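Scroll down for the structure; my scribbles are underneath it.
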């Protein structure tokens, strides 16, 4: 089997009317939620997940993936035109993108963002195709101890890269683990902490949790004060960047793509981090760093490429290890399980149609996005003009119906509202959501692997150090946990965070 | 009075301390097991203990004398808390009324309330948005997607 056989297989899967349609719906929805502030890709994927139950898993994943990378395109539009990032990964685009729009160069800014995203998307898909299969083969040797250590490492990297206090992120993670233990125990069948509620015996639902934490909580935070938005309404002509623009952006796009792809593999808010890093690098190596922030095209091209490439990279741990690196991938993993696909290194060989079909759909999806975002930019500007006071009741309505239609259960709707209250308060208290969501998804997997490992070793926790691969993971985990206490590294990490936070404001 | 981050941390620490202790106690009602043979209560118990310990660390840390960053007030505007509370109440009311009034009517009332009272729009606009919104939602979810939503005592 060579790579062309696989590509042919993927194309065969993709080019059915149903899959093409769902791919289109995915990227369309992605662009829409990317454009709308206050509704991110996480909530959108959770919202549409119930509607995919009656189609095949490939079709479902094709659409859900489309939402994820589509949102990266849409997010840049609002950054450039309104100076409000549609989602966090586009924060940095505001700096130069909005200035370009003020200088009357909104067209080229949107254009280079779309082309940069397209090129980066393609680079990261090729990376995914090349890296994922060998990595999956390597992961076949993993047993319960390796998986447990790897998941622990993954979560620690996520927490390490999170922007706030490490202690608080760890607390959110442990809290999520506790929530994930609610429900029937998979090994002994005992009901745990269900308080006699039938709905809880399957555990705390992922969808109600995510809709509450990301959908409801975000809307509530947005009704606190009225956001004034002024859309730049200059003529959006000359969307095509000129030759000089291309010369200026070519290398930033390539650097951003490679950087984003590799950051994407790591757990954490990769699109955000990679966009920030790309901006920092471009500024550092530029011949005219003082011009950054006044509307230079490199400041748009690099970060936009990076955040798109990161979405491709994030699929690697999902397809090779079955481990999610961020909230969006966590929901996709949830979708795998709902559709009865066992996540892990076997996915690529056992469900070759799923993997290659999804990869091929990403190529096509990126091309669709180019069409959606350049010639149809006027449509998205119109969407931006829908006032928030009219919009937010409908977002809430979608959350309510989305959760209800899962199991026709009002208890789950109440659960979502509860998570909404918690998510709203947790944000106010500066706790991060990502460790919590990840813990809810991988909590049961971690628990099973922990208990299986202890059964294998007959109760000796040393098993995690006796298996060499597992020992390496544990070792890196410990280094990461200790390093903030080393004054030199701790200070640098703090400085970096302060910088990120300042630029966010 | 301006609040610093330490105030926030203290409140959060007390909350999570309670959660951790609660789970650790509750886990004792199911079998915890041992290291050799971990039972269903194993993870909830230890995770509860760890969470409580971390909460204590956060609590102690919040008394540290250092330059805590000042936080903007909890609500950015004077009227914010009313809008936040009203929105939450609307969500809860939707959940309570749905089985009795049915999807279409509850949705209509929900939209009227939020459009009219959160960021007040005039009645003309409110009614227009709510009628069109409720009708569109009904067409989309019941007639097109065929979702089984409650019909209520009115029967639609």
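Taken together, the values in this text are just the output of simple stated rules run on the coordinates, not laboratory data. Just so we're clear, the structure is a prediction, and the values are computed from it rather than from any experiment. No Cβ is skipped: glycine too gets one built from the backbone with ideal geometry, and neighbour counts run over all protein chains shown.
Considering every alpha-carbon pair of region A:117-209, the percent of pairs per 10 Å bin, from zero through the bin containing the longest distance, is 13, 24, 31, 26, 6, 0.
Hey, with R₀ at 30 Å, roughly what FRET efficiency would residue A:382 and residue B:100 work out to, going by the Cβ-Cβ distance, to 0.05? Taking R0 as 30 Å, the efficiency between residue A:382 and residue B:100 is 0.20.
In terms of surrounding Cβ atoms within a 10 Å radius of their Cβ, B:66, B:82, A:283, A:385 rank from fewest to most as B:66, A:385, B:82, A:283. In region A:312-423, the C-alpha radius of gyration followed by the widest Cα-Cα span (Dmax) gives 18.4, 49 angstrom.
Footprinting exposure proxy ranking of A:23, A:399, A:94, fewest other C-beta atoms within 10 angstrom first, gives A:94, A:23, A:399.
Note on region A:293-335: Cα Rg divided by 2.2 N^0.38 Å, N the number of residues, gives 1.56.
Note on chain B: with a GNM built from Cα contacts shorter than 10 Å, the maximum mean-square fluctuation among B:30, B:84, B:56 falls on B:30. The per residue volume of the convex hull around the alpha-carbon atoms of the protein assembly as shown is 162 Å³. Peptide A:389-401 is shielded by partner chain Cβ atoms: per residue, an average of 6 of them sit within 10 Å of its Cβ.
Centroid-to-centroid, using Cα positions, region A:9-79 and region A:429-477 are 32 Å apart. Arranged from fewest to most other beta-carbon atoms within 10 Å of their beta carbon, A:278, B:73, A:409, A:453 become B:73, A:409, A:453, A:278. Mean projection of the Cα convex hull over all viewing directions, computed for region A:378-434: 5.7 nm². For the residues of B:106-112, the average number of beta carbons from a partner chain within 10 Å of their own beta carbon is 2. Rg then Dmax, both in Å and based on the Cα atoms of region B:1-119: 21.8, 61. Using the rule -39500 (n - 2.57) for each DSSP H run of four or more residues, divided by the residues of the protein assembly as shown, the 222 nm mean residue ellipticity is -22500 deg cm²/dmol. Taking the centroid of alpha carbons for each part, region B:64-93 and region A:349-404 are 31 Å apart. Shielding by partners for peptide A:182-193, expressed as the average number of C-beta atoms from other protein chains within 10 Å of each residue's C-beta, is 4.
With the Cα gyration tensor of region A:97-155 giving a ≥ b ≥ c as the square roots of its eigenvalues, does the rule (a/c under 1.5 for rounded; else a/b larger than b/c for prolate; else oblate) give rounded, prolate or oblate? Oblate, since a/c reaches 1.5 and b/c is not below a/b.
Against chain A, whose longest principal axis comes from its Cα atoms, helix A:487-504 is set at around 50 degrees.
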